[in-house]
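*Asks:* Pasting a structure below so you can have a look.
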Amino acid sequence: MITPKNLVHHEFIGLNVKVINKSNKSLKSYGTVIDETKNTIKIEVEENGNFVEKIFPKVSSIFQFQIPTGEIIEIEGNILSIRPEDRIKKRFKKI
C-alpha cells in the first residue's frame, strides 16, 4: 500500500500528479503519470478535449502526487533524479 512515508519507493505510473516548474511557476500541468526515466516524468494531460503527452524534467520541478487514499504528497524533483528501478531500492535519510 502506498503511504506518504513510502511513496518514493513505489512505481509512479498510474498516479495523478500536478507538476510545477520551479524556474517558471506559471508552467503547471495536471495529469496521470504514464512513463518515467532517470531525468524525466511523462504525464498524460487533457487539453481541449484531447489527451496530450507532456514530458517534464525532474530537476527543475515540484511534483504533487495523489496517492490512492486521496492524500496529496509533494516531492522535490531533485530527490527523484535517479533511475526508477534504483529509486525503488534506495534507502533515504529520514527527515
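The values are calculated or read from the model by the stated rules, or taken from the named source; none is laboratory data. None of these values were measured; they are calculated from a predicted model. Using ideal geometry, Cβ is built from the backbone for each residue, glycine included, and neighbour counts are taken over all protein chains shown. Each accessible area value is taken on the protein alone, full model and side chains, heavy atoms only, with ligands, DNA and RNA left out. Shrake-Rupley method; radii C 1.70, N 1.55, O 1.52, S 1.80 Å.
*Asks:* Filter the stretch 41-53 for residues that are assigned to a strand (DSSP E or B) and open to solvent by less than 60 Å² (accessible area, probe 1.4 Å) and give the result. Give the steps one after another, and end with the answer.
*Replies:* Narrowing the stretch 41-53 to residues assigned to a strand (DSSP E or B): 41-47, 50-53.
Ile41, Lys42, Ile43, Val45, Val52, listed by residue number.
*Asks:* Okay, next question. Which members of the stretch 31-52 meet the condition of being modelled with pLDDT under 95, among the acidic types (Asp, Glu) and more than 10 Å from the chain's Cα centre (by Cα)?
*Replies:* Within the stretch 31-52, Glu46, Glu47 qualify.
*Asks:* Out of the residues in the stretch 1-30 that are open to solvent by less than 60 Å² (accessible area, probe 1.4 Å) and at pLDDT 90 or above, which is farthest from Asp86 (Cα to Cα)?
*Replies:* Checked the stretch 1-30; the qualifying residue farthest from Asp86 (Cα to Cα) is Ser29.
*Asks:* So which residues in the stretch 64-81 are of a type outside the set (S, T, N, Q) and either outside any loop (DSSP other than H, G, I, E, B) or at pLDDT below 85 (or both)?
*Replies:* Start the filter on the stretch 64-81 by keeping residues that are of a type outside the set (S, T, N, Q), which leaves 65, 67-68, 70-77, 79-80.
Correct list: Phe65, Ile72, Ile73, Glu74, Ile75, Glu76, Gly77, Ile79, Leu80.
*Asks:* Can Glu74 be described as more than 17 Å from His9 (Cα to Cα), open to solvent by 90 Å² or more (accessible area, probe 1.4 Å) and either touching a strand residue (DSSP E or B) at 6+ places or on another chain (Cβ under 9 Å) or touching a residue at least 60 places away in the same chain (Cβ under 8 Å) (or both)?
*Replies:* Details: more than 17 Å from His9 (Cα to Cα): no; open to solvent by 90 Å² or more (accessible area, probe 1.4 Å): yes; either touching a strand residue (DSSP E or B) at 6+ places or on another chain (Cβ under 9 Å) or touching a residue at least 60 places away in the same chain (Cβ under 8 Å) (or both): yes.
No, not satisfied.
*Asks:* Name every residue in the stretch 54-63 that is open to solvent by 40 Å² or more (accessible area, probe 1.4 Å) and not aliphatic (A, V, I, L, M), in order of residue number. Before the answer, list the steps.
*Replies:* Quick first cut of the stretch 54-63, residues open to solvent by 40 Å² or more (accessible area, probe 1.4 Å) only: 54-55, 57, 59.
Within the stretch 54-63, Lys54, Pro57 qualify.
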